[in-house]
Amino acid sequence: MTTPLLPNFLAGRWQTGTGAGLPLFDPVRGTELVRVSSAGLDLAEGFAFAREQGGAALRALSYGQRAALLGQIVEVLQKNRDAYYEIATANCGTVTKDSAVDIDGGIFTLGYYAKQGAALGDATFLLDGARIRMAKDPLFQTQHILTPTRGVALFINAFNFPSWGLWEKAAPALLSGVPVIVKPATSTAWLTQRMVQDVVDANILPAGALSIVCGSSAGLMDQLQPFDVVSFTGSADTGRIIRSHPAVAQRSVRCNIEADSVNSALLDPAATADSEAFQLLVSEVVREMTVKSGQKCTAIRRVFVPRALYDAAAQAIAAKLAKTTVGDPRSEGVRMGALVSREQFDTVQAGIAHLKTEAEVLFDGSQTALVDADPAVAACVAPTLLGSRQPADAEVLHAVEVFGPVATLMAYDGIEQAHELIRRGEGSLVMSVFSADPAFIAQTAAELGSSHGRVHAVSPDIATLHSGHGNVMPMSLHGGPGRAGGGEELGGLRALNFYHRRTAVQASTAALDQWGAAAVAFQP
Ligand code: NAP
């Protein structure tokens, strides 16, 4: 039986790609669900329509009006939430609480920007900083302004966040007045497509403001012109292709890359096995390994503990992992579902084998049977904790991200060595530090900040308050230096920077006084 081909929305109309298309599967049952195809689309027409019609219509609105549109999108998505959960279960293989990270995380982020944007009111551009005097006479001054770029924002997204991945980028783009074309990862494109369909059907946004192309990415980058921007999330390998494309390399298309990383967790050398910091680290590592089956770019991959606590940490983490039931997310009692595809299953198995060349196995959950899932068909992988007593001698452990429920425990000798080992990740999205000592936390953040987009400190006083190592919150920066891609997203209104152009206006005070309510101070 042929499954339906999902239409694309481009140039203001629904368009079905030609050919048989690419199939999307249920990663637990192996059944085909739908198909996608971008073959035969007139991309040039679609990009021009978004750039010209969508861009002009969005820029005709104020930040406050665009923020109100985001609020309306939130309402539509809330109304259709049940359908999104069904698609996520079927196509992503996630248990309900893991689907929520993606679906409700996306809606929450949109809601956050709706509120933040409302505060910008009637303005149509932003004032960046104060006026600065440029001559002896204070009459001649410079004022930096930020105006929305007159292009499209192309999003090329990863498979692990079909909802959040769209909305965390689209919220600041649309709020900025920049039209969006999203190309979701093929294996999980259905949820993104369905959400866009609901928003289009609700007739909230001006024509051309939101478009979606599902299937092959062929030709998308070729459409980009100098004032367009591209925001990519995915593997470092594809990131390199995007970065070296002539649109970026020659036409200066602004490019944001969110790639993979080998994120760390660090336990304070002063911690003991019965300390709260130790317990907090153990719980967080288990959570990070199992949420979304470890398919989070921010998940903890390397766990650094003082040598004296290596065995105790191994036992405590393994004991908790042993309680993780893996299988069909529809079945009662299942805590962890599947990876997104059988291809990912093979990649993760190969990755574990690669890490094992430098690590011992501390816990292997694959000995326990899957719940209501056929191991020959389902993309289910049980948690695996690896360990290294000599991480300074390792190469692979600091370089290879295995995108599944896998982490490696590492023993360190002295805090300087821990710093050095963490830096061998060559730039990560996030690290977490577990300590009861505020001075140690502050020092760690200052010491390791330059290698990370985010430092998440967990201390007993905020044990029940903190947002989690891997959770990306809209008010905090997301992105990281080096191999993490060098990108920046979110961080409150800082996200608007990417979608605006900064210009220094040098003029007389009289001219600079003219903007009035059209401009508002940019306070990220
Ligand atoms: P991927 O294979 O690099 O694919 C990412 C996206 O790029 C997909 O939409 C893919 O389309 C598209 N693509 C592939 N080849 C392309 C090309 N030559 N030109 C233009 N687009 C191309 O990554 P993935 O496997 O989906 O995602 C997993 C990785 O993403 C992990 O390594 C993870 O760490 C990283 N990630 C990072 C973040 C972050 O915020 N830093 C967030 C989530 C995930 P198709 O699907 O059609 O091939």
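The values are calculated or read from the model by the stated rules, or taken from the named source; none is laboratory data. Keep in mind that what you see is a predicted model, and the values were worked out from it rather than measured. FYI the Cβ positions are ideal-geometry reconstructions off the backbone, even for glycines, and counts take in every protein chain you see. Quick note on the areas: whole protein, heavy atoms, side chains included, nothing else; ligands and nucleic acids left out. Shrake-Rupley method; radii C 1.70, N 1.55, O 1.52, S 1.80 Å.
Of note:
- For T238, the conditions (1) within 16 Å of the ligand (Cβ to nearest atom); (2) open to solvent by 10 Å² or more (accessible area, probe 1.4 Å); (3) under 18 Å from G404 (Cβ atoms); (4) of a type in the set (V, I, T) are fulfilled apart from (3).
- Screening T192, T142 for residues that are assigned to a helix (DSSP H, G or I), open to solvent by less than 20 Å² (accessible area, probe 1.4 Å) and polar (S, T, N, Q) leaves exactly one candidate, T192.
- The residue of the range 305-329 that is nearest to the chain's Cα centre (by Cα), among those that are surrounded by 16 or more Cβ atoms within 10 Å (Cβ to Cβ) and assigned to a loop (DSSP other than H, G, I, E, B), is P329.
- Among the residues of the range 402-448, those identified as farther than 11 Å from L266 by Cβ, more than 16 Å from the ligand (Cβ to nearest atom) and charged (D, E, K, R) are D413, E416, E420, R423, R424, D437.
- A single member of A218, A207, A270, A247 is surrounded by fewer than 24 Cβ atoms within 10 Å (Cβ to Cβ), within 16 Å of the ligand (Cβ to nearest atom), on the phi < 0 side of the Ramachandran plot and part of a loop (DSSP other than H, G, I, E, B), and it is A218.
- Test: residue in the range 449-457 that is touching a residue at least 40 places away in the same chain (Cβ under 8 Å), away from the ligand (no atom under 16 Å from the Cβ) and not polar (S, T, N, Q): no
- Scanning the range 290-314 for residues that are within 16 Å of the ligand (Cβ to nearest atom) and of a type in the set (S, T, N, Q) turns up S293, Q295, T298.
- Considering (1) more than 30 Å from M221 (Cβ to Cβ); (2) in a strand (DSSP E or B), the lone condition that V28 does not fulfil carries the number (2).
- Criterion (in contact with a strand residue (DSSP E or B) (Cβ under 8 Å, 6 or more places away or on another chain) and within 14 Å of the ligand (Cβ to nearest atom)) met by exactly one of V152, V182, V178: V182
- Elements of type strands (runs of 3 or more DSSP E) contained in the range 379-494, each with 2 or more residues being open to solvent by 20 Å² or more (accessible area, probe 1.4 Å): 452-458
- Under the condition of being under 24 Å from the mean Cα position of the chain (by Cα) and within 13 Å of the ligand (Cβ to nearest atom), the residues counted in the range 26-37 number 1.
- Beta carbons closer than 6 Å, at least 6 apart along the sequence or on distinct chains, pair a first residue in the range 385-405 that is of a type in the set (F, W, Y) with a second that is modelled with pLDDT of 95 or more for F403/Q295.
- Residue check, V28 β-branched (V, I, T), touching a helix residue (DSSP H, G or I) at 6+ places or on another chain (Cβ under 6 Å) and crowded, with 22+ Cβ neighbours inside 10 Å: no
- Against the test of being within 16 Å of the ligand (Cβ to nearest atom) and assigned by TED's automatic domain parsing to the domain that holds L120, the options A517, A495 yield a single qualifying residue, A495.
- Meets criteria (in contact with a Ser or Thr (Cβ under 7 Å, 6 or more places away or on another chain), at negative phi and either within 16 Å of the ligand (Cβ to nearest atom) or in the same structural domain as A442 (by TED's automatic domain parsing) (or both)) for S261: yes
- Scanning the range 340-361 for residues that are surrounded by 21 or more Cβ atoms within 10 Å (Cβ to Cβ) and farther than 27 Å from S99 by Cβ returns L355, A359.
- The range 362-378 - residue that is hydrophobic (A, V, I, L, M, F, W, C) and out of contact with any strand residue (DSSP E or B) (no Cβ under 9 Å at 6 or more places or on another chain) and, of those, most open to solvent (accessible area, probe 1.4 Å): A376
- Inclusion of G470 among residues that are within 25 Å of the chain's Cα centre (by Cα) and within 16 Å of the ligand (Cβ to nearest atom) is warranted.
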